[in-house]
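Visitor: Quick one: the structure is below, and I'll ask about it shortly.
Nothing in this text is a laboratory measurement; each read-out follows from the coordinates by a stated rule. No experiment lies behind these values; they were computed from the predicted model shown.
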């Protein structure tokens, strides 16, 4: 539903949210943990820094941290600074003109779903995602791990 960059931004920020307070985390660690290609991740982190969602510190002991507590950053705020910011408000069929006055065939149904999505985006914080992420990450790693048994 969202672009790859939006998904990677959410993954990177969720990883940072799961780190202990005050810990600076390097981009390579984030990339390895979230399985994000480094050139893509550096671009995303630079953008998130410009948007004041993360702080970056240069140098040997540098890294990234959230600019605000994870409880104060919502999924909606993250997606608002990505290329997907208008996704939930666009026509589900991709029509250029679709509104209450000139609705597409799915307008009323999508309007209801869009409202539920907006509510979920506003009500879900990075802290919520970080709380559930470890289980999902373990499951993903388990399913992708190569079979190392010799038969």
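Visitor: If you build the Cα gyration tensor of the stretch 8-59 and take the root of 5 times each eigenvalue, what three semi-axes come out, in whole angstrom, biggest first? If you can, show how the numbers build up before the last one.
Guide: Values: eigenvalues 41, 36, 23 Å².
Rounded to whole Å, the semi-axes are 14, 13, 11.
Visitor: For a bin width of 5 Å, list the pair-distance distribution of the stretch 45-110 built from all Cα-Cα distances, rounded to whole %.
Guide: Pair shares across the bins are 4, 14, 19, 13, 12, 10, 9, 9, 5, 3, 2, 1.
Visitor: To the nearest whole percent, what portion of all C-alpha pairs in the stretch 4-144 is separated by more than 18 angstrom?
Guide: On the way: 5929 of 9870 pairs.
Here the tail beyond 18 Å accounts for 60 percent of pairs.
Visitor: Roughly what % of Cα-Cα distances in the stretch 31-83 sit above 14 Å, to the whole percent? Each step should come with its number before you reach the end.
Guide: Values: 817 of 1378 pairs.
Result for the distance tail: 59 percent.
Visitor: Same structure, new question: Give the separation of the Cα centroids, the stretch 25-73 to the stretch 92-109, in Å.
Guide: 37
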